[in-house]
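Written out below as structure tokens is the structure these notes cover.
A short reminder: the numbers here are calculations on the coordinates, not readings from a lab. Since the structure is predicted, the reported quantities are computational estimates derived from the model, not experimental observations. For neighbour counting, all protein chains shown are included, and Cβ atoms are generated from backbone atoms with ideal geometry for every residue, glycine included.
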Amino acid sequence: MGERYQPAGRLPGIAAYEAAPDPRTRMPIFRQPRNPTGRAYGRAELEAVAAFAIRHDLVVVSDEIHADIVYPGNPHIPLASLHPEIAARTITITSKTQSFNIPALRRAVMHFGVPALQERFFSRIPARLLGSPGVTGVDATVAAWDDGQPWLDEILAQPRANRDWLARTIAAELPGVTMRVPEATYLA
């Protein structure tokens, strides 16, 4: 592993695994942004995840379903976008179901960082887990990707206002209570 892939920081889960590695771990699931905590990981933290996966020869399933629900100052950085070495071992799961409030349409996408990774795993995924795409879910997802960003930008103002109101109210009325202000998602 080259010098540029050294982690700039440590994540608690990584430190715990490093202290007591489990050789059965082959494919961790990494959720980012984190739901329900609202944590949006920065580049240094993602580099730490990448370095960890490379060091332990792991394939990472990166659950990025809440990627559209991030607040200003907290850009979403796809794990697989860091560099080719982590892309080659990342399966990214994404969907428009959360950000566009269409979860009943059950449409998600798996992206394999490189064709070899897809060939390695795709044939091993049971067909019942892949489902069959319903035309409504496909059309809604395509519409969200193609035309939905202006709507999403407008609608995200409401959960952001709710988050800010809650943080102010807790600070003003409950001085003994602290709140970590979410950087992403719609839960506090």
### Calculated FRET value between residue 74 and residue 116, using beta carbons and R₀ = 35 Å, to 0.05
0.60
### Task
State the antiparallel share, in %, of DSSP beta bridges confined to the stretch 3-173, rounding to the nearest 5.
35 percent
### Query
Which percent of Cα pairs goes in each bin when the distances of the stretch 3-173 are cut into 10 angstrom slices starting at zero?
9, 32, 33, 21, 6, 0
### Query
³J(HN,Hα) across the stretch 175-188 via Karplus (A = 6.51, B = -1.76, C = 1.60, θ = phi - 60°), whole Hz, x for Gly/Pro?
x, x, 10, 10, 9, 7, 6, x, 9, 7, 6, 10, 10, 10
### Summary
With +1 at each Lys and Arg Cβ and -1 at each Asp and Glu Cβ, the charge dipole magnitude of the chain around its Cα centre, to the nearest 20 debye, comes out at 540 debye
### Task
Bin all alpha-carbon pair distances of the stretch 104-163 at 5 Å intervals from 0 and give each bin's fraction as a whole percent.
4, 14, 15, 16, 17, 15, 10, 8, 3
## Note on the structure
Neighbours of residue 132 by Cβ distance under 12 Å: Lys/Arg at +1, Asp/Glu at -1, summed charge +3
#### Entry: Over the chain: helical MRE at 222 nm, DSSP H runs n ≥ 4 each giving -39500 (n - 2.57), nearest 500
-11000 deg cm²/dmol
### Query
Where does each of 25, 90 land when they are ranked from fewest to most other beta-carbon atoms within 10 angstrom?
25, 90
## Note on the structure
When 61, 135 are ranked with the fewest other C-beta atoms within 10 Å first, the list becomes 135, 61
### Query
Using DSSP loop states and a limit of at most 15 other Cβ atoms within 10 Å to flag trypsin sites (Lys or Arg not before Pro), what is the longest stretch of the chain containing no flagged site?
27-105
### Message
Using Cβ contacts closer than 10 Å as the measure, can you line up 155, 14 from fewest to most?
### Response
155, 14
### Task
Find out how many positive minus negative residues lie around residue 98, taking Lys and Arg as positive, Asp and Glu as negative, among other residues whose Cβ is under 14 Å from that of residue 98.
+2
